[in-house]
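What follows is one structure encoded as structure tokens, with my remarks underneath.
The values are calculated or read from the model by the stated rules, or taken from the named source; none is laboratory data. What you see is a predicted model; the values in this text were computed from it and never measured. Reconstructed Cβ throughout: ideal geometry from the backbone, glycine too, with neighbour counts over all protein chains shown.
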Amino acid sequence: MTTEPVDDDLATLAAACGVTTSYYDYRNRPVDTGAEPVRLALAAMGVAADDPAAVRGSLERLRSRAAERLLAPSVVMRTGTAATVAVRAGTGVVEAAVHTEDGSVRRLPGGEPDRVVLPADLPTGYHRLAVAAGSAEASALLVTAPARCPQPLGERRGWGWMAQLYQARSNKSWGMGDYGDLATLAAWSGGLGAAMLLVNPLHAAAPVLPQTDSPYYPSSRRYRSPLYLRLEALPEHDALSVAARAEVARLATQARSASDKATIDRDAVFVAKTAALELLASVPRSADRDAAFAAWRREQGQGVVDFGTFCALAERHGTPWQQWPAALRHPRGPALAQVRRQLAARVEFHVWLQWLCDTQLAQADAAAHASGMAVGVVHDLAVGVDPGGADAWALQDDLATAMTVGAPPDSFNQQGQDWRLPPLLPGRLAPTGYAPFRDMLRSVLRHAGGVRVDHIMGLWRLWWVPEGRPASDGTYVRYPAEELLAVLALEAHRAAALVIGEDLGTVEEGVRETLAEQAILSSRVLYFEHVDDDAGQPLLPAADYAPLALTTITTHDLPTAAGWWADEDVRVQTELGLYGAATTPSAEAARKAGERAQMRALLVSEGLVGP
């Protein structure tokens, strides 16, 4: 990768587009990214920057568009605080009105030149701000959000489990945990006094073999995995013939026998459940269930039809969608209408599966709250999606498809990380009314007591890695954090949901303070919490933890408590060659020995073990 420096024009263009040209690494040392990563990031945004002439041309186009625009495409404010919205300079006196989402119109006091003052008492919601200045008119989405996210526990502390649902299997599930197990685990936990049950992402995988093992690499974050359905709890199962019910039972046994105590065979579960669901789909729905399905489908809109279409096409052509026939590679392509008609039965089947997931998640949520849980089931929201999956196909115009999300080199991985997840284009968020982000949140918060936002620092910035390049060759790209946090607060309030931000690793200054101000819980891991935030100091006593925090012993991508104690993390990272010149396996093992001594001292001081 070239180390060509960033000149003034390129730096100006990059700043205008949110592309950073330098950052501080995990040791707080300044790092210049160089010109090439900046140019590649801009190109992924559709901004020409190949040479100085292209940079100057892009700058001129940006300035021209800004000068022509009367009003920003989206405006965000918080209730309880008045906000001032700029209107294009020189337009004179501005008249304005707010068209609220309930259909009412509120005319705002006029007479101010080049600006609109929004009153503090506007209701929360997604509204439309209309302005007129002379002969010019414009409108913008107005997002009015609560100042803080909900706090179901108030000032109380609560405890709960962090569970991987696929692992929480019972003798009723088909070799891996399901939504029925989720309801059972939630009810049992609530009976013990638990306030919450945090589960892994339940996002949908593509309906193809092999099934994706990682729940953090989903086909879609907007739709759920039918692999978790409890088939025997569906009314359609009860309506099967005796022979068909026997076949479902045989398929269940087949799926269970493919997994053992140590492993889960997702492919076997997928094959067996798909065959069984085909049988259930052949059962005529009752009038009530048919009406409920139709109402749900109308509520979901075009998005679920696109998802069903992707699934039907993936069954026929496989994944990734980039290898499909060219006419099928865009959801709004002229050939898609005819293909949807040809595949109507399969599209309907996959839409129906999503309705079943929705109904069983509603039952799990109800079981959690009926047990007395103050929060309930908390769902995990993955950072991104498979670039060859359903969301990347349906939302491709909103994604930087030539980039992937990752992390720069740090103490955990000194080569950096490439998660192979295409990032959202920040410049598309406001013009679309934040729809890709809003719809994803709305989906994950449906039938949820809370949400854990993985890598919440991504609301501020994401590390973009050019496709095919080492992770260390990336650069940070900024996002409109204030606006995204407002959408998060609004959707969380509508769901009365707790919000947890995973803020582990490299976190820029001000992020954690903002999370606390907005009542978003930060994440704390026992292994990493030291007095004065200094790894050379003792581990932090329980009484000194931040009050707005989810504290865990470990996480899904760290070693278990037993594995940590046995240096499994050192062994695995050594085998994978993840240690660089700055750290050796023997030095890391020595450091871990000191941490174990600290851990034992903490447990003794808390009275949990004897001296």
note = Among residues of the stretch 434-466 being assigned to a loop (DSSP other than H, G, I, E, B), of a type outside the set (A, V, I, L, M, F, W, C) and in contact with a helix residue (DSSP H, G or I) (Cβ under 9 Å, 6 or more places away or on another chain), the residue nearest to Gln396 (Cα to Cα) is Tyr434
inquiry  = If I ask for residues that are in a loop (DSSP other than H, G, I, E, B) and either closer than 20 Å to Ala249 by Cβ or touching a Cys at 6+ places or on another chain (Cβ under 9 Å) (or both), which ones from the stretch 278-288 would you list?
reply    = Ser282, Val283
query = Taking the stretch 150-197 on its own, how many of its residues are surrounded by 22 or more Cβ atoms within 10 Å (Cβ to Cβ) and either within 30 Å of Gly388 (Cβ to Cβ) or touching a Cys at 6+ places or on another chain (Cβ under 7 Å) (or both)?
reply = 11
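Within the stretch 168-277, which helices (runs of 4 or more DSSP H) (wholly inside it) include 2 or more residues that are in contact with a strand residue (DSSP E or B) (Cβ under 6 Å, 6 or more places away or on another chain), farther than 27 Å from Val305 by Cα and without any contact (Cβ under 8 Å) to a residue 40 or more places away in the chain? I'd like the intermediate steps shown before the answer.
Working: elements: 179-191, 235-238, 242-258.
Qualifying helices (runs of 4 or more DSSP H): none found.
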request  = Write out, first by first residue and then by second, each pair whose Cβ atoms fall under 7 Å of each other, whose residues are 6+ apart or on separate chains, and whose first residue, in the stretch 126-144, is without any contact (Cβ under 8 Å) to a residue 60 or more places away in the chain while the second is buried (at least 20 other Cβ atoms within 10 Å of the Cβ) and not hydrophobic (A, V, I, L, M, F, W, C).
outcome  = His127/Thr144
key: Breaking point among (1) more than 30 Å from Gly318 (Cα to Cα); (2) of a type outside the set (Gly, Ala, Ser); (3) surrounded by fewer than 22 Cβ atoms within 10 Å (Cβ to Cβ); (4) in contact with a Ser or Thr (Cβ under 6 Å, 6 or more places away or on another chain), for Thr144   = (3)
ask   = In this structure, does Val351 turn out to be within 30 Å of Asp503 (Cβ to Cβ), in contact with a helix residue (DSSP H, G or I) (Cβ under 6 Å, 6 or more places away or on another chain) and crowded, with 20+ Cβ neighbours inside 10 Å?
value = no
key: Unique match (being at pLDDT below 95, over 21 Å from Ala481 (Cα atoms) and of a type outside the set (Phe, Trp, Tyr)) among Arg61, Arg29, Arg106   = Arg29
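Please specify each residue of the stretch 356-388 satisfying the condition of being farther than 18 Å from Thr432 by Cβ and under 15 Å from the mean Cα position of the chain (by Cα).
Result: Val378, His379, Asp380, Leu381, Ala382, Val383, Asp386, Pro387.
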Residues satisfying the stated conditions in the stretch 57-78, i.e. basic (Lys, Arg) and surrounded by fewer than 15 Cβ atoms within 10 Å (Cβ to Cβ) = Arg61, Arg63, Arg65, Arg69
query = Among the listed residues Ala132, Ala138, which satisfies the condition of being modelled with pLDDT under 95, part of a strand (DSSP E or B) and in contact with an Asp or Glu (Cβ under 9 Å, 6 or more places away or on another chain)?
reply = Ala132
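Okay, residues lined up against (1) touching a helix residue (DSSP H, G or I) at 6+ places or on another chain (Cβ under 7 Å); (2) of a type outside the set (A, V, I, L, M, F, W, C):
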site: Ala233; (1), (2): yes, no
site: Ala243; (1), (2): no, no
site: Ser257; (1), (2): no, yes
site: Leu279; (1), (2): yes, no
site: Phe293; (1), (2): yes, no
site: Asp306; (1), (2): yes, yes
ask   = Restricting the search to the stretch 101-130, which residues are within 13 Å of Ala145 (Cα to Cα) and among the hydroxyl-bearing types (Ser, Thr, Tyr)?
value = Thr124, Tyr126
ask   = Hey, any hits in the stretch 52-75 for a residue that's in contact with a Ser or Thr (Cβ under 9 Å, 6 or more places away or on another chain), over 15 Å from Gly474 (Cα atoms) and polar (S, T, N, Q)?
value = yes
task = Residue by residue through the stretch 38-79, note down the ones that are in a helix (DSSP H, G or I) and polar (S, T, N, Q).
result = Ser58, Ser64
The one condition in (1) at pLDDT 95 or above; (2) closer than 24 Å to Thr432 by Cα that Asp121 fails to fulfil = (2)
